[in-house]
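For reference, the structure discussed in these notes is given below.
The values are calculated or read from the model by the stated rules, or taken from the named source; none is laboratory data. Treat the numbers as computed from the prediction; the structure is a model and nothing was measured. Heads up, the Cβs are rebuilt from the backbone with ideal geometry, glycines too, and the neighbour counts pull from every protein chain shown.
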Amino acid sequence: MGLAVRTTDVVVLGAGLIGLAVAAEAAARGASVLLVGETRFGEASPAGAGMLAPGAESDELETDVVRRFAVAGRDLYPSFLRALHDETGIAVPFDRNGILELFADGEPEHRPEGSEWIDARALRALEPNLAEYSGAVMHPNDGSVDNVVLLAAMQRRIELRRSITRVGAGVRSVNATTVRPRVILEDGDVLEGGALVVATGAWAAQLEGLPRRLPVRPVRGQLLMLEGALAHHVIYGGGGYLVPRRSPDAPHSFERTIIGATMEEVGFDSHTTPEGLAHLRNVALRITPESGSAPLVSHWAGLRPVTPDRLPILGPDPRLPQLIYACGHGRNGILLAPVTGEAIGALTAGATTSHDLSPFAIERFAEAL
Ligand SMILES: Cc1cc2nc3c(=O)[nH]c(=O)nc-3n(C[C@H](O)[C@H](O)[C@H](O)COP(=O)(O)OP(=O)(O)OC[C@H]3O[C@@H](n4cnc5c(N)ncnc54)[C@H](O)[C@@H]3O)c2cc1C
């Protein structure tokens, strides 16, 4: 019996937020797309807290080029969500009211450009429930998106696009040394595309047949959700963060609060632990004593796809230009999904991207070459 080979313009591996964003943009540029992925326990996209925080995460984003890319990612969100709504009818809850970063001992010496110092009195007026802090840095335009609803809307968009076929299967291996790269699925089927995009999240290093081992590892994050609205803004502080979540259908009928997150090197174990949850309860108490009486709604964990320098790997392989990486987004993959889709989607069409992807090239990892 001969092997079934399906051919297409672009094959995207991994159907988390990154793969979904790349597939949609490649299709918008006229390509036929096979989007391949299976659901895995611990996948990051539904597990994240949804913060859009290039300001508050500025320690992670060390250089200007990187910060510009992250800010572009955040600023793409309003038009991205409008287009998603027009196409799917799904309104994704989105907050751009700024993120407050709490400080216990006075104003910090350095803070990111465009941010503002809020003293204790002004902070109390903004957020009456907080514990005692000497003030906060306000990162304007930062905020959050409900990544669970976002994921559903992006999945819906893929279903509606006739030029994208979703293949719900595991990938066994790839062969990118041929002019048209091939993908072998667990069931033996073969897919062949003009371009192959690797967006397999924390599992990127496990993909067999790549010309190099991708330096991406899983870093577990545990989160918990409490009943009620404990703050109006996303808050960084107490060794973690707090993110308000509102119902998309009835914004005032129920409100909940996410508390995050641990950073743990435990391989692919994506369970929550009593220690992790106790730590998060303490984070919540340090931010606001009100959290002590807030009932627990749920808790979960996910695996961040993290690289040694905590920046994503974006762009073509230097030896095999038809093989394109879009992985390793670490703590900021929700923030960066739309802009990654825009940039990598352009590359799959052989176009140039207006974004400078040089800090994200695989070549920076000498050991991976
Ligand atoms: C606790 C936590 C909090 C976070 N908070 C934030 C935040 O506030 N803001 C932010 O911007 N980011 C946040 N992140 C990070 C963000 O969630 C990730 O960076 C992003 O979701 C990565 O998306 P992805 O599509 O690359 O990976 P994933 O969502 O993990 O998707 C990868 C997909 O590939 C599939 N796959 C892998 N290998 C194979 C294979 N061989 N065959 C078939 N399918 C395969 C997997 O099943 C999975 O569906 C957080 C993450 C965690 C865990």
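To keep it simple, each residue is scored yes or no on (1) within 30 Å of SER293 (Cα to Cα); (2) of a type in the set (S, T, N, Q); (3) at pLDDT below 95.
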| position | (1), (2), (3) |
| --- | --- |
| VAL198 | no, no, no |
| ALA204 | no, no, no |
| ALA229 | yes, no, yes |
| HIS233 | yes, no, no |
| LEU242 | yes, no, no |
| SER253 | yes, yes, yes |
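ILE158: in the same structural domain as GLY333 (by TED's automatic domain parsing), part of a strand (DSSP E or B) and of a type in the set (A, V, I, L, M), yes or no? Answer is no for this residue. In the stretch 171-224, the residue that is surrounded by the fewest Cβ atoms within 10 Å (Cβ to Cβ) out of those that are of a type in the set (Lys, Arg) and farther than 25 Å from ALA44 by Cβ is ARG180. Can you find a residue in the stretch 124-137 that is without any contact (Cβ under 8 Å) to a residue 12 or more places away in the chain, hydrophobic (A, V, I, L, M, F, W, C) and in the same structural domain as PRO244 (by TED's automatic domain parsing)? There is at least one residue in the stretch 124-137 that is without any contact (Cβ under 8 Å) to a residue 12 or more places away in the chain, hydrophobic (A, V, I, L, M, F, W, C) and in the same structural domain as PRO244 (by TED's automatic domain parsing).
For (1) among the small types (Gly, Ala, Ser); (2) within 12 Å of the ligand (Cβ to nearest atom); (3) not in a loop (DSSP other than H, G, I, E, B), each residue gets a yes or a no:
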| position | (1), (2), (3) |
| --- | --- |
| THR8 | no, no, yes |
| ALA15 | yes, yes, no |
| ALA21 | yes, yes, yes |
| ALA26 | yes, no, yes |
| GLY30 | yes, no, no |
| LEU35 | no, yes, yes |
| ARG40 | no, yes, no |
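Pairs meeting the criteria (first residue in the stretch 77-92 and not assigned by TED's automatic domain parsing to the domain that holds LEU20, second residue of a type in the set (D, E, K, R), beta carbons under 8 Å, at least 6 apart or on different chains) are TYR77/ARG96; PRO78/ARG96; LEU84/ARG157; GLU87/ARG157; THR88/ARG156; THR88/ARG157; ILE90/ARG156; VAL92/ASP146. One residue stands out among those in the stretch 42-68 that are over 16 Å from the mean Cα position of the chain (by Cα), assigned to a helix (DSSP H, G or I) and in contact (Cβ under 8 Å) with a residue 60 or more places away in the chain: the one that is nearest to the ligand (Cβ to nearest atom), which is ARG68. Residue pairs whose Cβ atoms lie under 6 Å apart, separated by 6 or more positions or on different chains, with the first residue in the stretch 222-233 and assigned by TED's automatic domain parsing to the domain that holds SER291 and the second charged (D, E, K, R) and away from the ligand (no atom under 12 Å from the Cβ), are MET225/ARG256; ALA229/GLU255; LEU230/GLU290; ALA231/GLU127.
Selection of the stretch 163-181 for residues being away from the ligand (no atom under 14 Å from the Cβ) and free of Cβ contacts under 8 Å to residues at least 60 places away in the same chain yields ASN175, THR178.
Could you go through the stretch 280-303 and let me know if any residue there is part of a loop (DSSP other than H, G, I, E, B), within 15 Å of the ligand (Cβ to nearest atom), touching a residue at least 24 places away in the same chain (Cβ under 8 Å) and surrounded by fewer than 21 Cβ atoms within 10 Å (Cβ to Cβ). No, that holds for no residue.
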